[in-house]
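Peer 1: First the structure, which I've put down as structure tokens, then a few questions once you've had a look.
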Amino acid sequence: MAKKAWAWLVPAAALVLFAIAAAVGVGPWLELLCGIGLIGAVLTAVHHAEVVAHRVGEPFGTLVLALAVTAIEASLVLSMMLAGGADAATLPRDTIYAAVMIICTGVIGLCVLVGGIAHREQTFNIQGAGGGVAALIVMAVLVLELPDFTVTTGYGTYNNAQLEFVAAVSAVLWAIYVFVQTVRHRDYFLPADGASDESVHAPPPSVAQAWASFGLLVASLLAVVGLAKMLSPTVERGVETLGAPRAVVGIVIAMLVLLPETTAAVRAAHANRLQTSMNLAIGSALASIGLTVPVVVLASIAMRLPLTLGLAPKDLVLLDLTLLVTAIALGTGRTYIMQGAVLLVLFASFFFLAFVP
């Protein structure tokens, strides 16, 4: 009973904190409470995602969390674009780039390292992960790199026809990946060893419990994004105090928004369910592009908002290196601590060079 009370009281309290902060502003004490509420909402989101995942099974469970987080993230980016106007032209680019880098280097690297420490060596189905990584490479290059080399418009930008094409192919690739994951080749995304499937260890929750957890998952994720947005001025002041570039604010907020996925993926890897971790990480990276880009492009064209997608040279090198190393590290379907260490070094490089460009 206490567990059930905790599961719905925490997101309710977090949403109340968000409403208060939105109404009266964020003072020193409210900042502290919002920070605590944010952490609680993250932990609660992971709990409810695991309940839903246990009910529907893999790979649908990981898809639920990835879709929920990405949809809310896309809404947050769109709202900030509308509020920022010309000053927010690079915000979608920075958000997508940060999400891809954080997931491919930080989340996957941490999962592989934690899993390697706990279980020495882990396996996952390369058929599903390989197709997902291939799609991610194509989408990332089309969205974040090619705008620097087209000649129809200025550096780092597409014209409307090019934007529509990139948005369409991103959405199509993501939709095909989801179809393959959930229908055509679902077995490619299931654990190779049935004993690692948590459904064999405990009876699944009832349909009513699963729907209740889904609703509370959405509420928790809304609280995470809302509180992260409320705390963004505090983050901005901290960045200014450190003398870091403004782009660091987007990275910090992206890390906060991705906390539920990161926590769920690392817990799965520690429990020797690396397949779940890979489903969540790769699916989230693809959804971050496949869902966000069409929304941003439609808004940009309909409302004539400026949009810069092409990365700076430093970030181009880091993204290319990350995509190459990710493909190599995950290319065999077997992982140990070395791959995790390499990916985490890339994450540290991305984070450090964001502060010291």
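Peer 1: May I ask you to give the average projected area over all directions of the convex hull of the Cα atoms of the chain, in nm² rounded to one decimal?
Peer 2: 17.9
Peer 1: With +1 assigned to the C-beta of every Lys and Arg and -1 to the C-beta of every Asp and Glu, and no other charges, what is the dipole magnitude of the chain about the Cα centre in debye, to the nearest 20?
Peer 2: 420
Peer 1: What's the exposure ranking of Val107, Val295, Val356, Val52, going from fewest to most Cβ atoms within 10 Å?
Peer 2: Ascending number of Cβ neighbours within 10 Å: Val356, Val295, Val52, Val107.
Peer 1: Most fluctuating residue of Leu323, Leu144, Leu82 in a GNM of the chain with Cα springs under 10 Å: which is it?
Peer 2: Result for the chain, Cα springs under 10 Å: Leu82 fluctuates most.
Peer 1: Comparing Ala208, Ala135, Ala41, which has the greatest mean-square fluctuation in the GNM of the chain with Cα pairs linked when under 10 Å apart?
Peer 2: Result for the chain, Cα springs under 10 Å: Ala208 fluctuates most.
Peer 1: In the chain, with Lys and Arg counted as +1 and Asp and Glu as -1 at Cβ, which of these residues, Tyr177, Val317, Tyr155, has the Cα nearest the positive end of the dipole, that is, farthest along it?
Peer 2: Result: Tyr177.
Peer 1: So for Ile282, Ile253, Ile39, fewest C-beta neighbours within 10 Å to most, what's the order?
Peer 2: Going from least to most buried by this count: Ile39, Ile253, Ile282.
Peer 1: Using a 10 Å cut-off around each Cβ, can you sort Thr322, Thr332, Thr308, Thr44 from fewest to most neighbouring Cβ atoms?
Peer 2: Ascending Cβ contact count within 10 Å gives the list Thr332, Thr308, Thr322, Thr44.
Peer 1: For the chain, what is the mean residue ellipticity at 222 nm derived from helices alone (per DSSP H run of n ≥ 4: -39500 (n - 2.57); sum divided by total residues; nearest 500 deg cm²/dmol)?
Peer 2: -24500 deg cm²/dmol, from helical runs alone.
Since every read-out is calculated from the coordinates, none of them should be taken as a lab result. The structure presented is a predicted model; accordingly, all values stated were derived computationally and were not measured. Because the Cβ atoms are built from the backbone with ideal geometry, glycine has one as well, and the counts that use them run over all protein chains shown.
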